[in-house]
1. Looking only at helices (runs of 4 or more DSSP H) that fall completely inside the stretch 20-76, which ones have 2 or more residues that are polar (S, T, N, Q), surrounded by 14 or more Cβ atoms within 10 Å (Cβ to Cβ) and in contact (Cβ under 8 Å) with a residue 24 or more places away in the chain?
2. Filter the stretch 65-81 down to the residues that are more than 8 Å from the ligand (Cβ to nearest atom) and aliphatic (A, V, I, L, M) and list them by number.
3. Within the stretch 27-46, take every residue that is more than 18 Å from R89 (Cβ to Cβ) and under 17 Å from the mean Cα position of the chain (by Cα) and give me the one that is nearest to the ligand (Cβ to nearest atom).
4. Of all residues in the stretch 117-128, which are under 19 Å from the mean Cα position of the chain (by Cα) and among the hydrophobic types (A, V, I, L, M, F, W, C)?
5. So the check is Cβ under 8 Å with 6+ separation or different chains; which pairs have a first residue in the stretch 132-153 that's under 12 Å from F59 (Cα atoms) and modelled with pLDDT of 95 or more and a second one that's of a type in the set (A, V, I, L, M) and surrounded by fewer than 20 Cβ atoms within 10 Å (Cβ to Cβ)?
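The values are calculated or read from the model by the stated rules, or taken from the named source; none is laboratory data. Given the structure is predicted, the values throughout are model-derived calculations rather than measurements. Cβ placement follows ideal geometry from the backbone for every residue including glycine, while neighbour counts extend to all protein chains displayed.
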Amino acid sequence: MTRMLIIGPPGSGKGTQAERISERLGVVAISTGDIFRANVKGETPLGVEAKKYMDNGDFVPDSVTNKMVRDRLNESDVENGFLLDGYPRTTAQVDYLDEILADGDEKLDVVLQLTADDEELVHRLLGRAKETGRSDDNEAVIRHRLDLYHEQTEAVVAKYADRGILTKVDGIGPIDEVTNRVMEAIKAAQAA
Ligand code: AMP
């Protein structure tokens, strides 16, 4: 049973690593970005609302995001643990997640932060934009998403560091190498 978070700036490869961790640890990976994108694609009311923010690189409001996460964490496939990718991104979301977990008498085991410098991230994301055509992957929006990460999400990381459950992994390098670092870091954190 593992309950963990993966946090990293846009382009740090957290989605890719989250899938691999999920396979290896047998826990479900839940990406708020993926849930939003699926809703945008399906043109659901949630998707229509989320799209207004996502296209500009802004955070979807907590009133929408928090409820979506609570509902998702109440589904039955989460019983054996979970890996949350992309949530929480603000300290208010940290407080909300604390409440959800406290309601279920649960706690987080590990918070993994993937690190990479901004210029490398911009370079990677501009490359991804060409491949996937994601509407939030143009340079101005990318820089705004990075700014939000520094302004808001680094405070999230600091909170978990204070709690002693943060482990940092260098996200630069070949994907397999980063996965090896990630799995080692999780093992070490769980043994501690
Ligand atoms: P991601 O795939 O994690 O980069 O997320 C893509 C976009 O979805 C973000 O730029 C936000 O617009 C939105 N999003 C994802 N997770 C959250 C969250 N926890 N809070 C607010 N907005 C989010």
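1. 62-73
2. Matches in the stretch 65-81: M68, L73, V78.
3. A38
4. L121, V122, L125
5. L146/V122
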